[in-house]
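Engineer: I have a structure here, written as structure tokens, and I will follow up with some questions on it.
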Amino acid sequence: MQQEADRCVKCGLCLPHCPTYALDREESESPRGRIALLQAIASGQVQPDEAITHAIDDCLSCRACERVCPADVRYGQLFDAGQAMLAEHAPPRARLARRKAWLLHHPTLRRGVFRALFLLQRLGMVAIARSLLAGTRLGVALRRLPTLPWARRPRRGAPPPQGQVGLFTGCLGEGPDQHAVRGAQQLLSAAGWRWHAPRSQDCCGALEQHGGAGGTAHQAIQRNANAFAEHTHIVSLASGCTAWLQDADHSASSDDRPPPFNGRLTSLWALLHDAPQALRLVARDERVAVWLPCTQRNVLRDERTMLAVLRQVPGARVDVLPVMDGCCGAAGLHFLEQAERADRLAAPIVRALQENPVDRLLCANVGCRLHLISALREAGLPLPVEHPAQWLASTLH
Ligand code: SF4
Ligand code: SF4
């Protein structure tokens, strides 16, 4: 970690791009400030007290700083290594990260929770619980809960060798992200690809990785590497999960370890763009805004291909929201754990949509969508917010 941190020349060019620095204008809330704090902890100059830990934890892992850094500081790696170091100083941190993500690795229980919430929402009991728990973390989580669909197991498709595209559905792919999964399956089939969603796949482990429990995260990566061992392409739909799967491949390569996915992670948009069959799409007279999640804009960088595919829909006007360098504030569990800050970060996006009325908003990360649905609802602007694959699939002939 120290070596990576030492690449920072403290030029400050990243500061104007950092959303947390824009909120508070505090050096400790900037990439340069956080790197200096991590260096001071690593060298034993300071002990991580509450204020220091807080400043590091406020980072959204948006990696806007990494994108603009002239010294190529790999801030994403540095942040995860910093979290692991903080967990060494305070072991309960890693335990907490594992506890928060525990349910995500148990598909049957997960489905049970989604179904229970679906029924409670229909019976109006979530609204009652929300008012009883107002002000608590659970109350905030319930307030942010969108209307859930009935949780269903994803369709599995044809296993390899016929199903050459492995579909990573993620831990929310049978709950809030199920329309995105179904949309991607319809699009891949229409484009002439055979796909398969292996039953043995696991949650990606990003929450543990960013919470200092890297060992548990890498176990999840290994389970997924085994589940997708036979596929020639691997497509993941939520940009946050995809970024971590891609990082796992890159960091293994740079450490001379075998990359778990062996460079087979492929953007859905690249597959649709270069598909064996052209998509047949019906016209849509719609104005569509696209919010690019940080992980898509700063890590995956596949937005140009995605926009080129979306703009094939005749009659539709597809534009990226004019909010520069912003992060919506979802950032893993940040929108539940630091709701007030997350709302401040989402405010410019809500304002942009109020000033530029559209028919729907598209966003390729499930966490960002959940947060934006709630922010728009609170602002009295209940727009449909969908994964781009869901919308594009709805225009198939
Ligand atoms: S732009 Fe890069 S080198 Fe400059 S302060 Fe930021 S992280 Fe350090
Ligand atoms: S990752 Fe984002 S929030 Fe964190 S320091 Fe970099 S720009 Fe700021």
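Engineer: Scan region 166-220 residue by residue and report those that are aliphatic (A, V, I, L, M) and under 12 Å from Pro154 (Cα atoms).
Structural biologist: Those that are aliphatic (A, V, I, L, M) and under 12 Å from Pro154 (Cα atoms): Leu167, Leu172, Ala180, Val181, Ala184, Ala197.
Engineer: At pLDDT 95 or above and within 22 Å of Ala331 (Cα to Cα), is that true of Ile221?
Structural biologist: yes
Engineer: Quick one: count up the residues across region 14-32 that are within 9 Å of ligand 1 (Cβ to nearest atom) and out of contact with any Cys (no Cβ under 7 Å at 6 or more places or on another chain).
Structural biologist: Residues meeting the conditions: 1.
Engineer: In region 37-53, is there at least one residue being free of Cβ contacts under 8 Å to residues at least 24 places away in the same chain, outside any helix (DSSP H, G or I) and in contact with a helix residue (DSSP H, G or I) (Cβ under 7 Å, 6 or more places away or on another chain)?
Structural biologist: Yes, the conditions are met somewhere in region 37-53.
Engineer: Which residues, taken from region 194-217, are in contact with a Lys or Arg (Cβ under 8 Å, 6 or more places away or on another chain) and either assigned to a loop (DSSP other than H, G, I, E, B) or small (Gly, Ala, Ser) (or both)?
Structural biologist: Scanning region 194-217 gives Ala197, Pro198, Arg199, Ser200, Gln201, Asp202, Gly211, Gly212, Ala213.
Engineer: Here is a follow-up. Does any residue of region 361-370 turn out to be over 23 Å from Thr242 (Cβ atoms) and outside the structural domain of Cys62 (by TED's automatic domain parsing)?
Structural biologist: No, region 361-370 contains no residue that is over 23 Å from Thr242 (Cβ atoms) and outside the structural domain of Cys62 (by TED's automatic domain parsing).
Engineer: Being more than 15 Å from Leu361 (Cα to Cα) and touching a residue at least 40 places away in the same chain (Cβ under 8 Å) is the filter here, so list the residues in region 290-307 that pass it.
Structural biologist: If the condition is that a residue be more than 15 Å from Leu361 (Cα to Cα) and touching a residue at least 40 places away in the same chain (Cβ under 8 Å), then Cys294, Thr295, Gln296, Arg297, Asn298, Val299, Leu300 are the ones that fit.
Engineer: Is it the case that some residue within region 169-180 is out of contact with any helix residue (DSSP H, G or I) (no Cβ under 6 Å at 6 or more places or on another chain) and either surrounded by 24 or more Cβ atoms within 10 Å (Cβ to Cβ) or at positive phi (or both)?
Structural biologist: No, because not a single residue in region 169-180 is out of contact with any helix residue (DSSP H, G or I) (no Cβ under 6 Å at 6 or more places or on another chain) and either surrounded by 24 or more Cβ atoms within 10 Å (Cβ to Cβ) or at positive phi (or both).
Engineer: Need at least 1 residues that are polar (S, T, N, Q) per element, so show me which helices (runs of 4 or more DSSP H) inside region 88-157 make the cut, counting only ones lying wholly within it.
Structural biologist: 107-122, 125-132
Engineer: Check whether at least one residue in region 7-30 is assigned to a loop (DSSP other than H, G, I, E, B) and within 16 Å of His210 (Cβ to Cβ), and report yes or no.
Structural biologist: no
Engineer: Among residues belonging to region 66-77 that are more than 9 Å from ligand 1 (Cβ to nearest atom) and under 15 Å from Asp6 (Cβ atoms), point out the one that is surrounded by the fewest Cβ atoms within 10 Å (Cβ to Cβ).
Structural biologist: Gln77
So that you can scan it fast, the table gives a plain yes or no per residue for (1) within 12 Å of ligand 2 (Cβ to nearest atom); (2) assigned to a helix (DSSP H, G or I); (3) more than 22 Å from Asp247 (Cα to Cα):
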| position | (1), (2), (3) |
| --- | --- |
| Ala55 | yes, yes, yes |
| Leu60 | yes, no, no |
| Glu66 | yes, yes, no |
| Ala71 | no, no, no |
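The values are calculated or read from the model by the stated rules, or taken from the named source; none is laboratory data. Computed from a predicted structure; not experimentally measured. Here the Cβ is made from the backbone with ideal geometry for all residues, glycine too, and neighbour counts use every protein chain on show.
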